[in-house]
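I have placed the structure first, in the form of structure tokens, so that the comments after it can refer back to it.
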Amino acid sequence: MTRLLHSLLAATDAPPFAVLHREHDPTVDVLVGEVVDVERLADIPLDGAEVLAIVPFRQVRERGFAAHDDGAPLRCLVVRERESVPVAEAIELLPRHPVAVDLDVDVSDDDYAAIVRRVIDEEIGRGEGANFVIRREFTGSTDAPPAATVLGWLRALLEHEVGAYWTFAVHTPGLAAAGATPERHVSSIGGVVSMNPISGTFRHGPGGHDDDAFRAFLDDVKEREELVMVVDEELKMMSAVCPDGGVIRGPFLKRMSQLTHTEYVLEGHSTLDPREVLRRTMFAPTVTGSPMGNACSVIARHETTPRGYYAGVLARFTPTAAGYDLDAPILIRTAYLDGDGGVRVPVGATLVRHSDPASEVAETRAKAAGVLTALGAIPRAGSRATVPDVGRFDGVLDARNEHLAAFWRIPQAARASRSARALVIDAGDDFTTMLAHQLRSLGVDAHVVPWHEASAEASEDLIVFGPGPGDPRNDEDPRIRRLRELIAARLESGRPMLAVCLSHQVLADLAGLPLAPLATPRQGVQLTIDLFGTDAAIGFYNTFTALGRNAATTPRLGLEVASDAATGVVHALRGLSVASVQGHLESVTSPDGFAALERLLDGLLGNVRIIPHSAAFGKALRPSGSSGLA
């Protein structure tokens, strides 16, 4: 049945519609309905009808994050009619000759390379985060009718692109789009929440199979770390929406016409409204960076124009007997057509400490190539790019998991209750959601509060001061000042506390140890360290470190130091009712992290004596930066 599709093709003034093909489906769905613009995700009208929401990037402000505001509406297509058409039949019906558009890039290759260097030096190099995605755009214009234009682009994408999670065309007043996005951001189907982080990019060559080059890609440190960092970031989101956290499957390979990516699938269970699932997971770290809040601030500093819908999502809400299911792919590899005929194809690259500016420039062009080819902006190659024989490398992929935490790879059963309550203080990094989940798995009743809402008189049995971005020496930062006050108050009380990463550095400063930047940032780096006599493989995300002699005690507080014997880089501190770690025990990159956390809890919650540290503490709120090694 093709009545709806025929009517759209014949219309001179087409109604709002969407034509969608989901990976592996034998049919294309044609949706026609009415447009409703709403302010918030919670306002998406789930009143019994199917809804397709087009969510702009600026919507991330609902989570309190920064974004340039271009007024792009949160647009909902409330579906009144729908039909399914076999893929081959739909391709034959769609316009055979897509509208060709000449496109120029808004940021030159040289300027984009300069941005890459600046982000590495000024953001990653100063502790603002582990990775960031900065976009550039290919722009042009056309006077062709928008409905016919995006349908023609859709045909070209269906014919020539492979491996897309969704291939689609959407037409609404003043906004039309066509794309082939490889990545599901989040779905909630029958209570099963799934996320699908994709990162790491291999560009297909025009020659024969180059197995050596593909193996080098799979073994490349930058590509491996890039993927596990976004897995960590999405596990933070899974821990926020799923009481049982999330379990990872993979890694897998995602093959497309021009590129092959590496990916994982994350799964958990949730009873949340699907709109709330979407709100708590805005947006994918693969198109923003991590930690999420700071990534949005970095984007706002280095991108001079609003993103529009780039890095947002298409969110399809399908009614079921129990409510609604959600399927939401990321809006990437997409061409946008506005009401004035302006055409935009945004694309970005993930920048990490290992990034090479020239390679990131090339990656943006490769990512855009599939869509640019469909638009006729670049010629279609006479022969398809050579795709690696990926099946030969399954063992190489599987070996990656040997270095990841088993906690996140198997179903997580809770331990017996410790009859203890923990307050986890979020210092600007949602790793705290993973920490809280691991604490609950260890029998501790844990809840999270942001740093600016935490009380210095908290009564919980344990306070966990969490990680965050930034320079721990910066007393001009209100977050650092407040962490110092909160940690000082807890030390004064003598009650159990654990500090992680940034908070560990603040504790070390209060204890009289000097702080300094590392020669090379450790963002997503796994190290095997001596943690008070036990070797532990732990993941690190830090640019700054405390310095102290191994097995010594700190000048103030008398805390025992665990550090690298050669460099004095401090890994951990401990004392009566006090412990801290520089690494992220909760990270997927910490195979020994969960066991280490359990040992620390045993020590902290086993202490029944409460001895204030005030006598040894001195001036806790002094300016940072003591000198010399302990």
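The values are calculated or read from the model by the stated rules, or taken from the named source; none is laboratory data. The structure presented is a predicted model; accordingly, all values stated were derived computationally and were not measured. Ideal geometry is used to build each Cβ from the backbone, glycine not excepted, and the neighbour counts take in all protein chains shown.
Just a few scattered comments:
- Residue 463 being modelled with pLDDT of 95 or more, on the phi < 0 side of the Ramachandran plot and out of contact with any Ser or Thr (no Cβ under 8 Å at 6 or more places or on another chain): yes
- Some residue of the range 199-212 being over 30 Å from residue 101 (Cα atoms) and in a helix (DSSP H, G or I): yes
- Cross-chain or 6+ apart pairs with Cβ under 9 Å, the range 147-174 first and farther than 13 Å from residue 375 by Cα and modelled with pLDDT of 95 or more, then part of a strand (DSSP E or B) and of a type in the set (Asp, Glu): 166/327; 174/338
- Output for the range 90-120, where each listed residue is within 21 Å of residue 4 (Cα to Cα) and touching a Ser or Thr at 6+ places or on another chain (Cβ under 7 Å): 93
- Any pair with Cβ under 6 angstrom, 6 or more apart, that starts in the range 588-613 at a residue that is modelled with pLDDT under 95 and ends at one that is part of a helix (DSSP H, G or I) and surrounded by 13 or more Cβ atoms within 10 Å (Cβ to Cβ): 612/492; 613/491
- One residue alone among 297, 290, 359 is polar (S, T, N, Q), farther than 30 Å from residue 376 by Cα, assigned by TED's automatic domain parsing to the domain that holds residue 264 and surrounded by fewer than 24 Cβ atoms within 10 Å (Cβ to Cβ), and that residue is 297.
- Residue list for the range 91-105, filter: of a type outside the set (A, V, I, L, M) and without any contact (Cβ under 8 Å) to a residue 40 or more places away in the chain: 92, 104
- The residues on offer are 471, 445, 429, 461, and the sole one that is among the acidic types (Asp, Glu), over 22 Å from residue 547 (Cα atoms) and in contact with a Gly (Cβ under 6 Å, 6 or more places away or on another chain) is 429.
- Flag if residue 156 is among the small types (Gly, Ala, Ser), more than 28 Å from residue 260 (Cβ to Cβ), more than 19 Å from the chain's Cα centre (by Cα) and buried (at least 21 other Cβ atoms within 10 Å of the Cβ): no
- Which listed residue, of 551, 566, 536, is more than 30 Å from the chain's Cα centre (by Cα) and under 30 Å from residue 220 (Cβ atoms): 566
- Any chance residue 534 is closer than 26 Å to residue 120 by Cβ and either surrounded by fewer than 19 Cβ atoms within 10 Å (Cβ to Cβ) or not assigned by TED's automatic domain parsing to the domain that holds residue 585 (or both): no
- Residues that are in a strand (DSSP E or B) and more than 16 Å from residue 330 (Cα to Cα) within the range 159-175 comprise 171, 172, 175, listed in sequence order.
- Subset of the range 229-271 (residues that are aromatic (Phe, Trp, Tyr) and buried (at least 24 other Cβ atoms within 10 Å of the Cβ)): 264
Yes/no matrix, rows are residues, columns are (1) surrounded by fewer than 24 Cβ atoms within 10 Å (Cβ to Cβ); (2) in the same structural domain as residue 291 (by TED's automatic domain parsing):
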site: 397; (1), (2): yes, yes
site: 416; (1), (2): yes, no
site: 431; (1), (2): no, no
site: 437; (1), (2): no, no
site: 441; (1), (2): yes, no
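- Among (1) assigned to a helix (DSSP H, G or I); (2) of a type in the set (A, V, I, L, M, F, W, C); (3) touching a residue at least 60 places away in the same chain (Cβ under 8 Å); (4) more than 24 Å from residue 371 (Cα to Cα), the one test that residue 193 misses: (1)
- Of all residues in the range 506-525, those being crowded, with 20+ Cβ neighbours inside 10 Å and among the polar types (S, T, N, Q) number 1.
- Any hit, the range 105-119, residues being closer than 29 Å to residue 502 by Cβ and outside any helix (DSSP H, G or I): no
- Residue 481 vs. criteria surrounded by fewer than 24 Cβ atoms within 10 Å (Cβ to Cβ) and touching a residue at least 60 places away in the same chain (Cβ under 8 Å): no
- Flag if residue 194 is of a type outside the set (A, V, I, L, M), in the same structural domain as residue 272 (by TED's automatic domain parsing) and modelled with pLDDT of 95 or more: yes
- Pairs with Cβ under 7 Å, 6+ apart, first in the range 500-526 and in the same structural domain as residue 549 (by TED's automatic domain parsing), second crowded, with 22+ Cβ neighbours inside 10 Å and among the acidic types (Asp, Glu): 515/509; 524/225
- Sole exception among (1) part of a loop (DSSP other than H, G, I, E, B); (2) assigned by TED's automatic domain parsing to the domain that holds residue 129; (3) at pLDDT 85 or above for residue 371, by number: (1)
- Filter result for residue 512 (in a strand (DSSP E or B) and not basic (Lys, Arg)): no
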